[in-house]
Amino acid sequence: MSPADDPTVRAAGCVLWRRSPAVGELELCLVHRPKYDDWSHPKGKLKPGEDPLAGALREVAEETGYAAAPGAELPTVRYLAYGRPKEVRYWAAAATTGVFAPSDEVDRILWLEPAAARARLTQPRDRTLVDALLATHPLGTTPCP
């Protein structure tokens, strides 16, 4: 099957993290999409021919306003979206610089500690990515209970 004949929607994103400016603890960034009224990791469809990691970092910047330094690749998530197979590749990424500005696509972001982020995520499949990020031990972190 040629890529043009493949019905799979290809997307990429990041589990974006930082150290809390107030207390230094690990925080994860979740985005709220008003169109779906859901909370998720920043992600989006790849442009034709776009490198998945470049697309993931582009989507993070577009949705959160933050540049990011990529880390370990996390598990790929596969599911059906509107009857079509969808494949989303993810990376751990440390937020570097930036400022969030609301848009029609993403109207809010939250920086939450890992357990609160896991609880806030709308889709259970996104929760496994929190565990995968913690398993990479960014900046010496350990998995939360």
Handout entry: Per residue solvent-accessible surface (Å²) - the chain, probe of 1.4 Å
Key = 52
Completion exercise
Rounded to the nearest 10, the angle in degrees between the Cα long axis of helix 124-135 and the longest principal axis of the Cα atoms of the chain comes to 50
Fill in the blank from the handout: For W111, the net charge from surrounding residues (Cβ-Cβ under 12 Å; K, R +1; D, E -1) works out to +1
Exercise for the section: Please report, in Å, the Rg and the Dmax of region 62-128, where both are computed over Cα atoms only. Expected result: 13.6, 37
Problem - Dipole magnitude of region 7-145 about its Cα centre (Cβ charges: Lys, Arg +1; Asp, Glu -1), debye to nearest 20 - result: 360
Practice task
With the full set of protein chains in place, find how many percent of the accessible area of the chain is carbon and sulfur; take the probe as 1.4 Å.
Solution key: 56
Problem - Local electrostatic count at T76 - Lys and Arg +1, Asp and Glu -1, tallied over other residues with Cβ under 12 Å - result: +4
Exercise for the section: Can you figure out the FRET efficiency of L110 with Y82, using R₀ = 35 Å and their beta-carbon distance, to the nearest 0.05? Expected result: 0.85
Exercise for the section: May I have the extent of the alpha carbons of region 39-99 along their three principal axes, as whole Å values ordered from largest to smallest? Expected result: 37, 27, 21
Exercise for the section: Please find, in a Gaussian network model of the chain (springs between Cα atoms separated by less than 10 Å), the residue of G13, G83, G65 whose mean-square fluctuation is greatest. Expected result: G83
Fill in the blank from the handout: Surrounding charge for R19, neighbours by C-beta under 10 angstrom, Lys/Arg +1, Asp/Glu -1, total -1
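What's the Cα-based Rg to Rh of region 1-133, Rh via Kirkwood? Present the calculation step by step, with values, prior to reporting the outcome.
On the way: Rg = 14.4 Å, Rh = 15.0 Å.
Here Rg/Rh amounts to 0.96.
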Exercise for the section: Choose one answer from K45, K35, K86: the residue with the largest mean-square fluctuation in a GNM of the chain with alpha-carbon springs under 10 Å. Expected result: K35
Problem - Estimated D of region 7-66 in µm² per second, where Rh is the Kirkwood radius over Cα pairs and Stokes-Einstein applies at 25 °C, 0.890 mPa s - result: 196
Problem - Charge-dipole axis of the chain as Lys and Arg at +1 and Asp and Glu at -1 on Cβ define it, positive-most pick from A93, P7, A54 - result: P7
Practice task
Enumerate by residue number the chymotrypsin sites (Phe, Trp or Tyr not before Pro) in region 9-114 meeting two conditions: DSSP loop (anything except H, G, I, E, B), and at most 10 other Cβ atoms within 10 Å of the site's Cβ.
Solution key: Y36, Y82
Practice task
Taking only Cα atoms and a 10 Å spring cutoff, compute GNM fluctuations for the chain and point out the largest among R78, R18, R58.
Solution key: R78
Exercise for the section: Per DSSP H run of n ≥ 4, the term is -39500 (n - 2.57); total these for the chain, divide by its residue number, and report the mean residue ellipticity at 222 nm rounded to 500 deg cm²/dmol. Expected result: -6500 deg cm²/dmol
Practice task
Starting from the amide H of G71, placed 1.01 Å from N in the peptide plane, find each other amide H under 5 Å away whose residue is 5 or more places distant or on another chain.
Solution key: A92, A93, A94
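The values are calculated or read from the model by the stated rules, or taken from the named source; none is laboratory data. What you see is a predicted model, and the numbers here were worked out from it, not measured in a lab. Cβ atoms come from the backbone with ideal geometry, glycine included; neighbour counts cover every protein chain shown. Only protein heavy atoms, including side chains, enter the accessible area calculation; ligands, DNA and RNA are left aside. Shrake-Rupley method; radii C 1.70, N 1.55, O 1.52, S 1.80 Å.
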